[in-house]
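Below is one structure; the comments refer to it alone.
The values are calculated or read from the model by the stated rules, or taken from the named source; none is laboratory data. Source: prediction; values computed, not measured. Note: ideal-geometry Cβ built from the backbone for every residue, glycine included; neighbour counts use all protein chains shown.
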Amino acid sequence: MTYNFNAIEAKWQKYWAENQTFKAENTSDKPKYYVLDMFPYPSGAGLHVGHPLGYIASDIYARYKRHQGFNVLHPQGYDSFGLPAEQYAIQTGQHPAVTTKANIATYRRQLDQIGFSFDWSREVRTSDPSYYKWTQWIFIQLFNSWYNKNTDRAEDISELIKIFEAEGNTSVNAICDAAIDAFSAGEWQGFTAEEQQRILLQYRLTYLAETEVNWCPALGTVLANDEIVNGVSERGGHPVIRKKMTQWSMRISAYAERLLQGLEKIDWTDALKESQRNWIGKSVGAEVFFPILSFPKGEAKADASTRAGYMTGGNNSGARGISVFTTRPDTIFGVSFMTLAPEHELVSQITTEAQKEAVEAYVLATAKRSERDRMADVKTISGVFTGAYAEHPFTKAPIPIWIGDYVLAGYGTGAVMSVPCGDERDYAFAKHFNIPIPNIFGGVDISETAFSDKSNTVIANSDFLNGLNYKKATKRAIYELEKLGQGEGKTNYRLRDAVFSRQRYWGEPFPVYYVNGMPQMIATEHLPITLPEVEKYLPTETGEPPLGNATTWAWDTKTNTVVANTLIDNETIFPLELNTMPGWAGSSWYFNRYMDPTNTEAFASKEALDYWQDVDLYIGGSEHATGHLLYSRFWQKFLFDKGVVPTDEYAKKLINQGMILGTSAIIYRVSGTNTYVSLGLKDAHNVEEIRVDVSMVNASNEIDVDKLKAWQPQYSDAEFILEDGKYIVGREVEKMSKRWFNVVNPDDIVADYGADSLRLYEMFLGPLEQYKPWNTAGITGVHNFLKKLWKLYVGDTGLKVDETAPTKDHLKTLHKTIKKVQADIENFSFNTSVSTFMIAVNELTQQKCSSKAVLEPLLILISPYAPHIAEELWGQLGHSTSISTVAFPEFDESHLVESSKNYPISFNGKMRFTMELGLDLNKDEIEKAVLAHEKTQEQLGGRTPKKVIVVPGKIVNIVG
RNA sequence: GCUCAAGUGGCGGAAUUGGUAGACGCGCUGGAUUCAAAAUCCAGUUCUUUCGAGAGUGUGGGUUCGAUUCCCACCUUGAGUACCA
């Protein structure tokens, strides 16, 4: 009987499906364990061998946990809203729902044949109305919430309204829009309903705001930054302009500090935490107010920095001036100028007549440059003096106000206090424009460069700060500023609120309609609001999003149904939102839905949430570090605040699997000919590298020339110059991509070698987290291993396993393997456990082991990795139920105890020979035995050893 | 520029706390089997070598009886991020 992997794998996949072997129950006596994969976007191309890597790893872990007696939740689903399906629809007219469904079917077939232990009864699809009903529900919850800084959590908007009614907004400590006018309780009650709504929108966790976007008029759509090349669209090369659009935003900034703090308690990789920290970008410092000395234009409007209530209690309330954010309040006496972003709203107000022309020209020039240009060009120093002066808070000296494009309007207050002696950019700016550079650091020479080393700072020439270090000076400066009412300690975050609107078709519709331009939520009992049908998936001619093409897209507030647009009367029937939600909406909470995927009353029942709690192990790619993995933490914290999920971090441990790269095959065409030379001959010619399909190349990098000739017509009559009768290709490791012809389809691997071989090989390639190249040639190694494994159990005449008692050697091999494999799984070191299996099978074959007492536990060890062959042999051993929940073998140290050790004998740290010595010998006895050895005398060559290091059980080192 | 990760045979990679560098596999070389090939099995495979031995984990230093492992500096590659005040 030979190892017929195709038949075996089909048989057991059918068995698992029919018996629902991996169905997880929401109640159990067993402890729970939740293993989650990042669910895939089902693209039309299907899976290549790189995709299953993380799924195989998580499947091994899930299966291991079942052997350990856990009730394991291991679900899978599809992130099925997205751009590719929409673009395909634009080109072909095929409804995205149709292509998505077909793609999912392909994915499912491909996943099934790899033998994953997913509980498919819990499958979710983000594009399914029964799923996105709850995405819409969460959106409404966010709309109905505000962030109370005093309690440090999200609260219901009705609480805020109560406060407004009782005392106005002056005592409210919320994370909200920057400039909100103060009002009293009386004023609040005097506002119209619409005015009240407008104010509330500034506090809600999801809100409408004017956002600058990259608008491409020719394509009629908004483009992401990376879709723009040199100021024109990547597709088509159309001009792109900055345009303000009203869009939904998510107030993720409210959670900046908690997102940062939460990283401390989760076991994610340092690299990933670091990039999230970086993205959140916390900086601690102070906001400082500088009154403006001259206002040539007379009356100025109220703005962010002169708003009522700002810096109350000081003697400058009501004064006009500039607020800056600084991380170095200790250097305040080093300020010699100030710089505003060219876009800063005060610029036009403070500029003097004499400087007006220069300033306006500069502002215009900056506006023309794209953000990308501005960022790329960091070397050129440019700026213009406004002619205006501000007053230093302490010295009261006048400080010239400049504008410069190195100051960004979007960060901090869009203005900086420039301390050239302590900041490189300020230093360069001052040098360039001949602005004085006062030195406020003791014992530091600043004639060549700025001094920005906080830890070695001693402040000088700074009045009350003299002699203080960075920490003390910062504290004192803030204290003095607060006393003056011209500043306060402040923490700034780089994290921006996330734009939540997309001008796309294939996404979740918003449960929103508009009354007099004000957004209204549809009551949750009427959800889902399903995506309308449209004729075309492109934006409308007037530039509205694709949903603008829908003819039935209005909300009837009487019947609570979606009705035809023609019925809109703006009295009871209103227009619905035309944008859709972004790709990250559905993926920000799906892990909770798996706990109770068919619930129609809630996104998951309280019982299910309480039982499963959170994800114990999450495996996925690191490319989601500052996208999905941040947004989902944000939503989880919000849902936690609302009391609907039990934990505020949803994934205890996260592992990033690396990418599997392709190994492209390259042939060399002699320039200007149709002649191709083998790799070793290419240097003698002027050649072009051409990539060809990797499937035509064997393990020795030799291409099958006949296949190549048949592959594409230009090769059919080409000439090939061989070496040693072979055509050898060059190889290049790069991303798998159709255009490099290096994509390997798992279907082919499964057909040729089986799913168990594929699983083992993907693990055997190298450490899970690492990037590593795929080369199909190497798979014969693990495939041969499976054949050897099979032969250990099954001979020509049938099963070879019997009841003979295991020998000492058998048990030693088995227990060594148990120990190593268990440790490997727990460390996610799957590559080394595959090696361990190979060693075990090689040894047991050598030992001619047929003992059931050894071979049965061995099967359990292997079953998470190669479940099909394990199930089959398990069945042949006489078991009638699946191996998947059998207890993992217990490791017994006593089988590994040795009586002697083959000591390495080193001379000056270099191992020269080994020597078998009893482990019962003490140091002196070992030393004596080693020194007596003839090879020792040979090595010493007559010298006397200076020192002999003996580490019993480890090593002997002779120095001299 | 900054942050993080990583540099080990022809290739993928191994080496729990510093203790026999190169496990396991691919490829390669030789042999057995075969009419032949595939498959399978056996032996060898870091480099140098005067066959005694010597060198060797990106480079240069350091700590140590002993360093792939710890420390310092540098080089290279990959990832992220960037005029963030």
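Name the pairs: first residue in segment A:866-880 and under 9 Å from A:Trp12 (Cα atoms), second residue β-branched (Val, Ile, Thr), Cβ to Cβ under 6 Å, at least 6 apart or on different chains? Filtered contacts from segment A:866-880: A:His868/A:Ile8; A:Glu871/A:Ile883; A:Glu872/A:Ile8.
Looking at segment A:888-898, can you tell me whether even one residue there is away from RNA strand B (no atom under 16 Å from the Cβ), more than 24 Å from A:Leu758 (Cβ to Cβ) and of a type in the set (Gly, Ala, Ser)? Checking segment A:888-898: at least one residue is away from RNA strand B (no atom under 16 Å from the Cβ), more than 24 Å from A:Leu758 (Cβ to Cβ) and of a type in the set (Gly, Ala, Ser). So is A:Tyr207 part of a strand (DSSP E or B) and closer than 25 Å to A:Arg502 by Cα or not? Yes, satisfied. Among residues of segment A:229-245 being closer than 17 Å to A:Ala367 by Cα and not in a loop (DSSP other than H, G, I, E, B), the one that is modelled with the lowest pLDDT is A:Val232.
Residues are listed down the side, and each one gets a yes or a no for (1) surrounded by 20 or more Cβ atoms within 10 Å (Cβ to Cβ); (2) under 30 Å from A:Met521 (Cα atoms); (3) at pLDDT below 95:
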position	(1), (2), (3)
A:Arg66	yes, no, no
A:Pro75	yes, no, no
A:Gly82	yes, yes, yes
A:Asn150	no, yes, yes
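When restricted to residues that are part of a loop (DSSP other than H, G, I, E, B) and farther than 21 Å from A:Phe39 by Cβ, segment A:621-679 contains 10. Count of segment A:904-928 residues, restricted to those that are surrounded by 16 or more Cβ atoms within 10 Å (Cβ to Cβ) and within 8 Å of RNA strand B (Cβ to nearest atom), is 2. Taking residues in segment A:154-176 that are assigned to a helix (DSSP H, G or I), and partners anywhere that are exposed (fewer than 13 other Cβ atoms within 10 Å of the Cβ) and of a type in the set (S, T, N, Q), the pairs with Cβ atoms closer than 8 Å and at least 6 places apart or on different chains are A:Ile163/A:Ser171; A:Glu165/A:Gln189. If you go through segment A:238-289 and pick out every residue that is within 16 Å of RNA strand B (Cβ to nearest atom) and over 27 Å from A:Phe325 (Cβ atoms), you end up with 6.
Within segment A:933-944, the set of residues being more than 16 Å from A:Asn902 (Cα to Cα) and surrounded by fewer than 16 Cβ atoms within 10 Å (Cβ to Cβ) comprises A:Glu934, A:Gln937, A:Glu938, A:Leu940, A:Gly941, A:Gly942, A:Arg943, A:Thr944. When A:Tyr761 is tested against (1) surrounded by 21 or more Cβ atoms within 10 Å (Cβ to Cβ); (2) within 15 Å of RNA strand B (Cβ to nearest atom); (3) touching a residue at least 60 places away in the same chain (Cβ under 8 Å), exactly one condition is not met: (3). Taking the listed residues A:Glu623, A:Glu688, the one that is under 24 Å from A:Gly766 (Cα atoms) and surrounded by fewer than 18 Cβ atoms within 10 Å (Cβ to Cβ) is A:Glu623, with no other qualifying.
Results for (1) surrounded by 20 or more Cβ atoms within 10 Å (Cβ to Cβ); (2) farther than 23 Å from A:Met250 by Cα; (3) at pLDDT below 95, shown as yes or no for each residue.
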| position | (1), (2), (3) |
| --- | --- |
| A:Thr135 | yes, no, no |
| A:Ser145 | yes, no, no |
| A:Asp156 | no, no, no |
| A:Thr170 | no, yes, yes |
| A:Ala185 | no, yes, yes |
| A:Gln189 | no, yes, yes |
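Evaluate segment A:641-659: report whether one residue or more is more than 16 Å from RNA strand B (Cβ to nearest atom), buried (at least 22 other Cβ atoms within 10 Å of the Cβ) and in contact (Cβ under 8 Å) with a residue 60 or more places away in the chain. For segment A:641-659, residues more than 16 Å from RNA strand B (Cβ to nearest atom), buried (at least 22 other Cβ atoms within 10 Å of the Cβ) and in contact (Cβ under 8 Å) with a residue 60 or more places away in the chain: present.
Okay, residues lined up against (1) in contact with a His (Cβ under 9 Å, 6 or more places away or on another chain); (2) more than 11 Å from RNA strand B (Cβ to nearest atom); (3) among the charged types (D, E, K, R); (4) free of Cβ contacts under 8 Å to residues at least 60 places away in the same chain:
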{"site": "A:Val743", "(1), (2), (3), (4)": "yes, yes, no, no"}
{"site": "A:Asp747", "(1), (2), (3), (4)": "no, yes, yes, no"}
{"site": "A:Gly781", "(1), (2), (3), (4)": "no, no, no, yes"}
{"site": "A:Leu799", "(1), (2), (3), (4)": "no, yes, no, no"}
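For A:Ile446, are the conditions met, namely being of a type outside the set (Lys, Arg), away from RNA strand B (no atom under 14 Å from the Cβ), part of a loop (DSSP other than H, G, I, E, B) and surrounded by 17 or more Cβ atoms within 10 Å (Cβ to Cβ)? In short, yes. The listed residues are A:Ile140, A:Ile104, A:Ile114, A:Ile90, and the only one of them that is among the hydrophobic types (A, V, I, L, M, F, W, C) and modelled with pLDDT under 95 turns out to be A:Ile90. Inside segment A:695-714, can you point out the residues that are in contact (Cβ under 8 Å) with a residue 12 or more places away in the chain, more than 15 Å from RNA strand B (Cβ to nearest atom) and surrounded by 15 or more Cβ atoms within 10 Å (Cβ to Cβ)? Answer for segment A:695-714, where residues must be in contact (Cβ under 8 Å) with a residue 12 or more places away in the chain, more than 15 Å from RNA strand B (Cβ to nearest atom) and surrounded by 15 or more Cβ atoms within 10 Å (Cβ to Cβ): A:Ser695, A:Met696, A:Val705, A:Leu708, A:Trp711.
Scanning segment A:929-947 for residues that are touching a strand residue (DSSP E or B) at 6+ places or on another chain (Cβ under 7 Å) and near RNA strand B (Cβ under 9 Å from one of its atoms) yields A:Lys935, A:Gln939, A:Lys946, A:Lys947.
Here the condition is being at pLDDT below 90 and out of contact with any His (no Cβ under 9 Å at 6 or more places or on another chain); of A:Ala751, A:Ala777, it holds for A:Ala777 alone. When restricted to residues that are part of a loop (DSSP other than H, G, I, E, B), hydroxyl-bearing (Ser, Thr, Tyr) and either without any contact (Cβ under 8 Å) to a residue 60 or more places away in the chain or near RNA strand B (Cβ under 7 Å from one of its atoms) (or both), segment A:375-412 contains 4. Among residues of segment A:914-932 being part of a loop (DSSP other than H, G, I, E, B) and more than 53 Å from the chain's Cα centre (by Cα), the one that is farthest from A:Glu898 (Cα to Cα) is A:Asn922. Being touching a helix residue (DSSP H, G or I) at 6+ places or on another chain (Cβ under 7 Å) and more than 16 Å from RNA strand B (Cβ to nearest atom) is a condition met by no residue of segment A:829-850. Filtering A:Tyr406, A:Tyr427 for residues that are surrounded by fewer than 21 Cβ atoms within 10 Å (Cβ to Cβ) and modelled with pLDDT of 85 or more leaves a single hit, A:Tyr406.
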